[in-house]
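For reference, the structure is listed below as C-alpha coordinates.
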(Lines give C-alpha, C1' and ligand atoms only; values in the text may rest on other atoms or scores of the structure.)
Protein backbone atom coordinates (compact mmCIF):
# COMPACT_ATOMS: atom_id res chain seq x y z
CA UNK A 1 0.00 0.00 0.00
CA UNK A 2 2.76 2.35 0.95
CA UNK A 3 4.68 1.51 -2.22
CA UNK A 4 1.58 2.10 -4.28
CA UNK A 5 1.11 5.48 -2.63
CA UNK A 6 4.71 6.41 -3.33
CA UNK A 7 4.35 5.40 -6.96
CA UNK A 8 1.17 7.40 -7.32
CA UNK A 9 2.76 10.46 -5.75
CA UNK A 10 5.75 10.13 -8.04
CA UNK A 11 3.44 9.82 -11.03
CA UNK A 12 1.46 12.87 -10.00
CA UNK A 13 4.63 14.85 -9.41
CA UNK A 14 5.86 13.84 -12.83
CA UNK A 15 2.63 14.96 -14.46
CA UNK A 16 2.82 18.20 -12.48
CA UNK A 17 6.32 18.84 -13.75
CA UNK A 18 5.32 18.43 -17.37
CA UNK A 19 4.84 21.94 -18.68
CA UNK A 20 1.44 22.44 -20.26
CA UNK A 21 1.46 23.25 -23.95
CA UNK A 22 2.73 26.80 -23.60
CA UNK A 23 0.14 29.29 -24.84
CA UNK A 24 2.65 31.65 -26.44
CA UNK A 25 4.70 28.96 -28.21
CA UNK A 26 4.17 28.85 -31.96
CA UNK A 27 3.28 25.30 -33.00
CA UNK A 28 5.43 23.56 -35.60
CA UNK A 29 2.64 23.12 -38.20
CA UNK A 30 1.83 26.84 -37.98
CA UNK A 31 5.44 27.68 -38.74
CA UNK A 32 5.84 25.22 -41.58
CA UNK A 33 3.98 27.46 -44.05
CA UNK A 34 1.20 24.99 -44.77
CA UNK A 35 -2.00 26.79 -45.72
CA UNK A 36 -4.34 26.87 -42.75
CA UNK A 37 -7.17 29.29 -43.53
CA UNK A 38 -10.49 27.72 -44.42
CA UNK A 39 -9.23 24.25 -43.55
CA UNK A 40 -11.96 23.56 -41.04
CA UNK A 41 -14.59 23.75 -43.78
CA UNK A 42 -12.50 21.52 -46.02
CA UNK A 43 -12.23 18.93 -43.26
CA UNK A 44 -15.98 18.91 -42.70
CA UNK A 45 -16.58 18.60 -46.44
CA UNK A 46 -14.35 15.56 -46.56
CA UNK A 47 -16.10 13.95 -43.59
CA UNK A 48 -19.36 14.33 -45.55
CA UNK A 49 -17.82 12.80 -48.68
CA UNK A 50 -16.56 9.80 -46.71
CA UNK A 51 -19.89 9.21 -45.01
CA UNK A 52 -21.55 9.40 -48.45
CA UNK A 53 -19.18 6.63 -49.55
CA UNK A 54 -20.31 4.41 -46.69
CA UNK A 55 -17.85 5.22 -43.89
CA UNK A 56 -19.38 5.59 -40.42
CA UNK A 57 -19.57 9.22 -39.26
CA UNK A 58 -17.44 8.87 -36.11
CA UNK A 59 -14.81 6.89 -38.00
CA UNK A 60 -14.82 9.41 -40.88
CA UNK A 61 -14.01 12.21 -38.43
CA UNK A 62 -11.19 10.19 -36.84
CA UNK A 63 -9.76 9.43 -40.28
CA UNK A 64 -9.86 13.03 -41.43
CA UNK A 65 -8.14 14.16 -38.23
CA UNK A 66 -5.05 12.20 -39.25
CA UNK A 67 -4.73 13.81 -42.71
CA UNK A 68 -2.63 16.87 -43.42
CA UNK A 69 -3.98 19.91 -45.26
CA UNK A 70 -2.54 18.97 -48.65
CA UNK A 71 -4.10 15.51 -48.42
CA UNK A 72 -7.47 16.99 -47.42
CA UNK A 73 -7.39 19.31 -50.41
CA UNK A 74 -6.56 16.52 -52.84
CA UNK A 75 -9.19 14.13 -51.49
CA UNK A 76 -11.83 16.84 -51.59
CA UNK A 77 -10.95 17.62 -55.19
CA UNK A 78 -11.05 14.10 -56.63
CA UNK A 79 -11.85 11.38 -54.11
CA UNK A 80 -13.77 9.29 -56.65
CA UNK A 81 -10.96 9.36 -59.24
CA UNK A 82 -8.14 8.42 -56.87
CA UNK A 83 -6.81 4.88 -56.90
CA UNK A 84 -8.32 2.66 -54.25
CA UNK A 85 -6.58 -0.70 -53.95
CA UNK A 86 -9.03 -3.58 -54.37
CA UNK A 87 -8.63 -6.94 -56.06
CA UNK A 88 -9.38 -8.78 -59.28
CA UNK A 89 -12.39 -10.79 -58.07
CA UNK A 90 -15.54 -10.54 -60.13
CA UNK A 91 -14.07 -10.06 -63.59
CA UNK A 92 -16.38 -11.11 -66.44
CA UNK A 93 -15.44 -14.16 -68.49
CA UNK A 94 -14.55 -12.30 -71.72
CA UNK A 95 -12.50 -9.81 -69.80
CA UNK A 96 -10.95 -12.73 -67.96
CA UNK A 97 -9.68 -14.20 -71.24
CA UNK A 98 -8.28 -10.86 -72.42
CA UNK A 99 -6.42 -10.41 -69.15
CA UNK A 100 -5.08 -13.98 -69.24
CA UNK A 101 -3.52 -13.13 -72.60
CA UNK A 102 -2.15 -9.78 -71.49
CA UNK A 103 -0.83 -11.41 -68.31
CA UNK A 104 0.98 -14.05 -70.35
CA UNK A 105 2.71 -11.42 -72.48
CA UNK A 106 3.64 -9.50 -69.35
CA UNK A 107 1.60 -6.37 -70.02
CA UNK A 108 -0.61 -6.86 -66.96
CA UNK A 109 -0.36 -8.84 -63.72
CA UNK A 110 -3.95 -9.56 -62.70
CA UNK A 111 -3.63 -13.26 -61.91
CA UNK A 112 -0.87 -14.24 -59.47
CA UNK A 113 -0.62 -17.76 -60.91
CA UNK A 114 0.25 -16.61 -64.43
CA UNK A 115 3.91 -15.96 -65.15
CA UNK A 116 4.68 -14.01 -68.30
CA UNK A 117 6.58 -15.85 -71.03
CA UNK A 118 8.88 -12.90 -71.44
CA UNK A 119 10.49 -12.37 -68.03
CA UNK A 120 13.05 -9.84 -69.07
CA UNK B 1 -12.44 -5.83 -86.81
CA UNK B 2 -10.20 -8.88 -86.15
CA UNK B 3 -7.40 -6.97 -87.86
CA UNK B 4 -7.80 -4.14 -85.41
CA UNK B 5 -7.81 -6.52 -82.49
CA UNK B 6 -4.68 -8.16 -83.85
CA UNK B 7 -3.00 -4.77 -84.18
CA UNK B 8 -3.92 -3.95 -80.60
CA UNK B 9 -2.45 -7.22 -79.37
CA UNK B 10 0.69 -6.67 -81.42
CA UNK B 11 1.10 -3.23 -79.87
CA UNK B 12 0.62 -4.73 -76.42
CA UNK B 13 3.26 -7.37 -77.05
CA UNK B 14 5.67 -4.69 -78.22
CA UNK B 15 4.94 -2.56 -75.17
CA UNK B 16 5.39 -5.54 -72.88
CA UNK B 17 8.67 -6.58 -74.47
CA UNK B 18 10.30 -3.19 -74.09
CA UNK B 19 12.28 -3.24 -70.87
CA UNK B 20 11.14 -0.34 -68.67
CA UNK B 21 13.77 2.37 -68.00
CA UNK B 22 14.58 1.83 -64.32
CA UNK B 23 14.93 -1.93 -64.76
CA UNK B 24 17.28 -1.26 -67.67
CA UNK B 25 19.33 1.09 -65.52
CA UNK B 26 19.57 -1.47 -62.69
CA UNK B 27 20.62 -4.15 -65.16
CA UNK B 28 23.30 -1.98 -66.76
CA UNK B 29 24.69 -0.63 -63.52
CA UNK B 30 23.57 -2.43 -60.35
CA UNK B 31 24.33 -0.19 -57.34
CA UNK B 32 27.63 -1.58 -56.01
CA UNK B 33 26.86 -0.69 -52.39
CA UNK B 34 23.75 -2.92 -52.24
CA UNK B 35 23.88 -6.57 -51.14
CA UNK B 36 22.94 -8.85 -54.09
CA UNK B 37 20.05 -10.51 -52.25
CA UNK B 38 17.75 -9.48 -49.40
CA UNK B 39 14.71 -11.24 -47.98
CA UNK B 40 12.94 -9.93 -44.88
CA UNK B 41 11.57 -13.41 -44.21
CA UNK B 42 10.22 -12.62 -40.75
CA UNK B 43 7.72 -10.11 -42.18
CA UNK B 44 4.25 -11.38 -41.20
CA UNK B 45 1.67 -12.39 -43.81
CA UNK B 46 -2.02 -11.60 -43.81
CA UNK B 47 -3.82 -13.15 -46.79
CA UNK B 48 -6.36 -10.61 -47.99
CA UNK B 49 -10.07 -11.18 -48.03
CA UNK B 50 -12.18 -9.77 -50.85
CA UNK B 51 -11.32 -6.16 -51.86
CA UNK B 52 -9.24 -5.72 -48.74
CA UNK B 53 -5.65 -5.69 -49.90
CA UNK B 54 -5.22 -2.26 -48.25
CA UNK B 55 -5.83 -3.37 -44.65
CA UNK B 56 -3.89 -6.61 -45.21
CA UNK B 57 -0.84 -4.86 -46.70
CA UNK B 58 -0.94 -2.20 -44.00
CA UNK B 59 -1.05 -4.81 -41.21
CA UNK B 60 1.93 -6.55 -42.81
CA UNK B 61 4.17 -3.50 -42.39
CA UNK B 62 2.65 -2.20 -39.13
CA UNK B 63 3.15 -5.54 -37.39
CA UNK B 64 6.65 -6.10 -38.74
CA UNK B 65 8.34 -6.29 -35.32
CA UNK B 66 5.37 -6.88 -33.03
CA UNK B 67 1.58 -7.15 -33.23
CA UNK B 68 0.12 -3.64 -33.14
CA UNK B 69 -3.21 -3.99 -34.92
CA UNK B 70 -5.16 -6.62 -36.85
CA UNK B 71 -6.23 -6.25 -40.51
CA UNK B 72 -9.84 -6.46 -39.29
CA UNK B 73 -9.34 -3.42 -37.06
CA UNK B 74 -7.67 -1.59 -39.96
CA UNK B 75 -10.66 -2.19 -42.23
CA UNK B 76 -12.57 0.38 -40.18
CA UNK B 77 -9.73 2.88 -40.57
CA UNK B 78 -8.91 2.63 -44.28
CA UNK B 79 -11.62 0.77 -46.18
CA UNK B 80 -14.16 2.83 -48.11
CA UNK B 81 -17.18 0.62 -48.81
CA UNK B 82 -18.45 2.34 -51.97
CA UNK B 83 -14.99 2.54 -53.53
CA UNK B 84 -14.39 -1.12 -52.62
CA UNK B 85 -10.87 -0.20 -51.67
CA UNK B 86 -8.54 2.01 -49.63
CA UNK B 87 -7.16 5.44 -50.48
CA UNK B 88 -3.44 6.19 -50.26
CA UNK B 89 -3.88 9.19 -47.96
CA UNK B 90 -5.88 7.07 -45.54
CA UNK B 91 -3.26 4.33 -45.53
CA UNK B 92 -0.74 6.98 -44.47
CA UNK B 93 -3.06 8.44 -41.83
CA UNK B 94 -3.79 5.01 -40.32
CA UNK B 95 -0.06 4.39 -39.89
CA UNK B 96 0.35 7.76 -38.14
CA UNK B 97 -2.51 6.87 -35.80
CA UNK B 98 -0.42 3.88 -34.65
CA UNK B 99 2.42 6.27 -33.74
CA UNK B 100 4.45 5.12 -36.75
CA UNK B 101 6.31 7.33 -39.21
CA UNK B 102 4.99 6.84 -42.77
CA UNK B 103 7.25 8.33 -45.45
CA UNK B 104 6.47 8.37 -49.18
CA UNK B 105 9.46 7.39 -51.33
CA UNK B 106 10.72 9.17 -54.45
CA UNK B 107 9.45 6.68 -57.07
CA UNK B 108 12.85 5.21 -57.87
CA UNK B 109 13.29 1.44 -58.05
CA UNK B 110 16.73 1.61 -56.44
CA UNK B 111 15.22 3.46 -53.46
CA UNK B 112 12.97 0.43 -52.87
CA UNK B 113 16.06 -1.79 -52.87
CA UNK B 114 17.86 0.55 -50.48
CA UNK B 115 14.98 0.39 -48.01
CA UNK B 116 14.91 -3.41 -48.17
CA UNK B 117 18.67 -3.53 -47.57
CA UNK B 118 18.07 -1.35 -44.48
CA UNK B 119 15.50 -3.85 -43.21
CA UNK B 120 12.37 -1.89 -44.19
CA UNK B 121 9.59 -3.70 -46.09
CA UNK B 122 7.98 -1.36 -48.63
CA UNK B 123 4.24 -0.90 -49.14
CA UNK B 124 3.47 -0.24 -52.81
CA UNK B 125 0.45 0.57 -54.94
CA UNK B 126 0.26 -1.23 -58.28
CA UNK B 127 -2.10 -0.98 -61.19
CA UNK B 128 -2.26 -4.61 -62.32
CA UNK B 129 -4.49 -3.79 -65.29
CA UNK B 130 -4.25 -0.96 -67.82
CA UNK B 131 -4.28 2.79 -67.39
CA UNK B 132 -7.76 2.98 -68.92
CA UNK B 133 -8.91 -0.16 -67.13
CA UNK B 134 -7.21 -0.08 -63.77
CA UNK B 135 -6.97 -2.81 -61.16
CA UNK B 136 -5.51 -1.12 -58.14
CA UNK B 137 -3.68 -3.30 -55.70
CA UNK B 138 -1.59 -2.82 -52.55
CA UNK B 139 1.25 -5.22 -51.85
CA UNK B 140 4.36 -5.33 -49.67
CA UNK B 141 7.84 -5.87 -51.09
CA UNK B 142 9.92 -7.94 -48.69
CA UNK B 143 13.03 -8.71 -50.72
CA UNK B 144 14.95 -8.66 -53.98
CA UNK B 145 17.48 -10.61 -55.98
CA UNK B 146 19.71 -8.34 -58.07
CA UNK B 147 21.43 -11.07 -60.17
CA UNK B 148 18.05 -12.64 -61.02
CA UNK B 149 16.34 -9.21 -61.35
CA UNK B 150 13.45 -10.24 -59.14
CA UNK B 151 11.39 -8.83 -56.31
CA UNK B 152 9.73 -10.81 -53.52
CA UNK B 153 6.29 -9.70 -52.36
CA UNK B 154 3.58 -10.45 -49.87
CA UNK B 155 0.63 -9.94 -52.19
CA UNK B 156 -3.05 -10.83 -52.06
CA UNK B 157 -3.27 -14.46 -51.06
CA UNK B 158 0.32 -15.27 -52.00
CA UNK B 159 2.83 -15.42 -49.17
CA UNK B 160 5.99 -15.28 -51.28
CA UNK B 161 5.32 -13.94 -54.76
CA UNK B 162 8.22 -13.47 -57.18
CA UNK B 163 8.00 -10.83 -59.88
CA UNK B 164 10.62 -9.64 -62.34
CA UNK B 165 11.82 -6.04 -61.98
CA UNK B 166 10.41 -5.37 -65.46
CA UNK B 167 6.86 -6.59 -64.80
CA UNK B 168 6.76 -4.92 -61.41
CA UNK B 169 8.03 -1.64 -62.84
CA UNK B 170 5.24 -1.65 -65.44
CA UNK B 171 2.45 -2.21 -62.90
CA UNK B 172 4.06 0.21 -60.44
CA UNK B 173 4.60 2.90 -63.05
CA UNK B 174 0.90 2.75 -63.94
CA UNK B 175 0.06 3.51 -60.30
CA UNK B 176 2.26 6.61 -60.14
CA UNK B 177 5.23 4.74 -58.63
CA UNK B 178 3.83 5.19 -55.14
CA UNK B 179 5.74 3.55 -52.29
CA UNK B 180 5.52 3.97 -48.55
CA UNK B 181 7.92 3.01 -45.78
CA UNK B 182 6.34 2.72 -42.33
CA UNK B 183 8.70 2.48 -39.37
CA UNK B 184 9.27 3.36 -35.77
CA UNK B 185 9.98 7.15 -35.68
CA UNK B 186 13.56 6.48 -34.52
CA UNK B 187 14.37 4.41 -37.64
CA UNK B 188 13.01 6.36 -40.64
CA UNK B 189 13.24 5.45 -44.34
CA UNK B 190 16.89 5.72 -45.39
CA UNK B 191 16.15 7.03 -48.90
CA UNK B 192 13.71 9.72 -47.73
CA UNK B 193 13.89 13.21 -49.23
CA UNK B 194 13.75 16.10 -46.82
CA UNK B 195 10.26 17.30 -47.81
CA UNK B 196 8.70 13.83 -47.60
CA UNK B 197 10.38 13.29 -44.23
CA UNK B 198 9.17 16.61 -42.80
CA UNK B 199 5.61 16.03 -44.00
CA UNK B 200 5.59 12.58 -42.40
CA UNK B 201 6.88 13.89 -39.07
CA UNK B 202 4.29 16.70 -39.08
CA UNK B 203 1.51 14.16 -39.71
CA UNK B 204 2.78 12.11 -36.80
CA UNK B 205 2.67 15.21 -34.57
CA UNK B 206 -0.88 15.86 -35.65
CA UNK B 207 -1.99 12.28 -34.97
CA UNK B 208 -0.10 11.57 -31.77
CA UNK B 209 1.44 14.63 -30.08
CA UNK B 210 4.39 17.01 -30.58
CA UNK B 211 6.35 14.87 -28.13
CA UNK B 212 5.49 11.70 -30.10
CA UNK B 213 7.52 12.81 -33.12
CA UNK B 214 10.64 13.85 -31.20
CA UNK B 215 12.61 10.75 -32.25
CA UNK B 216 11.84 11.51 -35.91
CA UNK B 217 13.03 15.12 -35.55
CA UNK B 218 16.22 13.90 -33.84
CA UNK B 219 16.95 11.87 -36.95
CA UNK B 220 15.97 14.78 -39.24
CA UNK B 221 18.48 17.17 -37.65
CA UNK B 222 21.16 14.50 -37.96
CA UNK B 223 20.46 14.16 -41.70
CA UNK B 224 19.84 17.83 -42.52
CA UNK B 225 21.62 19.94 -39.88
CA UNK B 226 21.35 23.06 -42.08
CA UNK B 227 17.53 23.01 -42.25
CA UNK B 228 15.58 25.29 -39.91
CA UNK B 229 12.26 23.47 -39.46
CA UNK B 230 13.61 20.20 -37.97
CA UNK B 231 15.55 22.09 -35.27
CA UNK B 232 12.50 24.23 -34.52
CA UNK B 233 10.20 21.18 -34.38
CA UNK B 234 12.66 19.25 -32.23
CA UNK B 235 12.80 22.16 -29.77
CA UNK B 236 9.00 22.30 -29.57
CA UNK B 237 8.77 18.53 -29.13
CA UNK B 238 11.36 18.38 -26.36
CA UNK B 239 9.67 21.26 -24.57
CA UNK B 240 6.30 19.50 -24.77
CA UNK B 241 7.97 16.34 -23.47
CA UNK B 242 9.21 18.20 -20.39
CA UNK B 243 12.83 18.78 -21.40
CA UNK B 244 13.33 22.58 -21.52
CA UNK B 245 17.13 22.28 -21.44
CA UNK B 246 17.10 20.07 -24.53
CA UNK B 247 14.53 22.36 -26.13
CA UNK B 248 16.83 25.33 -25.54
CA UNK B 249 19.73 23.64 -27.31
CA UNK B 250 17.58 22.74 -30.31
CA UNK B 251 15.99 26.19 -30.61
CA UNK B 252 19.40 27.85 -30.30
CA UNK B 253 20.48 25.79 -33.29
CA UNK B 254 17.28 26.83 -35.11
CA UNK B 255 17.95 30.56 -34.68
CA UNK B 256 21.61 30.02 -35.65
CA UNK B 257 20.57 28.22 -38.86
CA UNK B 258 18.06 30.93 -39.79
CA UNK B 259 18.18 34.08 -37.65
CA UNK B 260 15.48 35.68 -39.85
CA UNK B 261 12.64 33.41 -38.60
CA UNK B 262 10.76 35.20 -35.82
CA UNK B 263 8.99 31.95 -34.78
CA UNK B 264 12.31 30.50 -33.65
CA UNK B 265 13.17 33.53 -31.50
CA UNK B 266 9.66 33.62 -30.03
CA UNK B 267 9.79 29.99 -28.88
CA UNK B 268 13.37 30.28 -27.67
CA UNK B 269 12.24 33.22 -25.54
CA UNK B 270 9.53 31.07 -23.92
CA UNK B 271 11.96 28.26 -23.19
CA UNK B 272 14.52 30.64 -21.67
CA UNK B 273 11.73 32.20 -19.64
CA UNK B 274 10.78 28.76 -18.32
CA UNK B 275 14.42 28.12 -17.42
CA UNK B 276 14.50 31.36 -15.43
CA UNK B 277 16.92 33.12 -17.82
CA UNK B 278 15.14 36.48 -17.79
CA UNK B 279 17.83 38.49 -19.57
CA UNK B 280 18.34 35.99 -22.37
CA UNK B 281 14.57 35.55 -22.77
CA UNK B 282 14.15 39.27 -23.19
CA UNK B 283 16.94 39.46 -25.76
CA UNK B 284 15.32 36.65 -27.74
CA UNK B 285 11.82 38.15 -27.74
CA UNK B 286 13.33 41.50 -28.80
CA UNK B 287 14.82 39.77 -31.84
CA UNK B 288 11.39 38.32 -32.69
CA UNK B 289 9.73 41.74 -32.34
CA UNK B 290 12.34 43.37 -34.55
CA UNK B 291 11.68 40.79 -37.27
CA UNK B 292 7.86 40.95 -37.08
CA UNK B 293 6.87 44.31 -35.60
CA UNK B 294 3.30 44.58 -34.24
CA UNK B 295 2.59 40.86 -34.73
CA UNK B 296 -0.20 39.97 -32.28
CA UNK B 297 1.21 36.61 -31.23
CA UNK B 298 4.70 37.95 -30.62
CA UNK B 299 3.43 41.02 -28.76
CA UNK B 300 1.47 38.64 -26.49
CA UNK B 301 4.65 36.68 -25.84
CA UNK B 302 6.51 39.93 -25.11
CA UNK B 303 3.93 41.07 -22.54
CA UNK B 304 3.87 37.67 -20.79
CA UNK B 305 7.62 37.21 -20.72
CA UNK B 306 8.74 40.71 -19.85
CA UNK B 307 5.63 41.56 -17.82
CA UNK B 308 6.05 39.00 -15.04
request  = With respect to residue B:23, determine if the residue is modelled with pLDDT of 90 or more, within 11 Å of another protein chain (Cβ to nearest Cβ), surrounded by 17 or more Cβ atoms within 10 Å (Cβ to Cβ) and farther than 30 Å from residue A:79 by Cα.
outcome  = yes
message = Scan region B:173-180 and tell me whether some residue there is modelled with pLDDT under 95 and either buried (at least 19 other Cβ atoms within 10 Å of the Cβ) or in a strand (DSSP E or B) (or both).
response = yes
query = Got a sec? Which helices (runs of 4 or more DSSP H) wholly within region A:1-75 have at least 2 residues that are out of contact with any strand residue (DSSP E or B) (no Cβ under 8 Å at 6 or more places or on another chain), on the phi < 0 side of the Ramachandran plot and at pLDDT 90 or above?
reply = A:39-52, A:57-65
ask   = Considering region A:76-101 alone, what residues qualify as being at the interface with another protein chain (Cβ under 9 Å from one of its Cβ atoms) and modelled with pLDDT of 85 or more?
value = A:79
query = Filter region B:108-145 for residues that are in contact with a strand residue (DSSP E or B) (Cβ under 7 Å, 6 or more places away or on another chain) and part of a loop (DSSP other than H, G, I, E, B); which is farthest from residue B:69 (Cα to Cα)?
reply = B:134
remark   = Counting only helices (runs of 4 or more DSSP H) wholly inside region B:221-308, the ones holding at least 1 residues that are loosely packed, with under 15 Cβ neighbours inside 10 Å are B:244-257, B:278-291, B:296-307
query = Residues B:192, B:186, B:200: which one is closer than 24 Å to residue B:126 by Cβ and outside any helix (DSSP H, G or I)?
reply = B:192
query = So which residues in region B:146-159 are within 11 Å of chain A (Cβ to nearest Cβ), farther than 16 Å from residue B:29 by Cα and touching a strand residue (DSSP E or B) at 6+ places or on another chain (Cβ under 6 Å), if there are any at all?
reply = B:153, B:155
Pick from region B:80-99, criterion touching a residue at least 12 places away in the same chain (Cβ under 8 Å) and surrounded by fewer than 24 Cβ atoms within 10 Å (Cβ to Cβ), ranking: nearest to the other protein chains (Cβ to nearest Cβ) = B:85
inquiry  = Out of everything in region B:123-140 that is in contact (Cβ under 8 Å) with a residue 60 or more places away in the chain and facing another protein chain (nearest Cβ under 7 Å), what residue ends up being surrounded by the most Cβ atoms within 10 Å (Cβ to Cβ)?
reply    = B:138
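The values are calculated or read from the model by the stated rules, or taken from the named source; none is laboratory data. Quick caveat, the model's predicted, so the values are computed rather than measured. Counting neighbours? That spans all protein chains shown, and the Cβs are built from the backbone with ideal geometry, glycine included.
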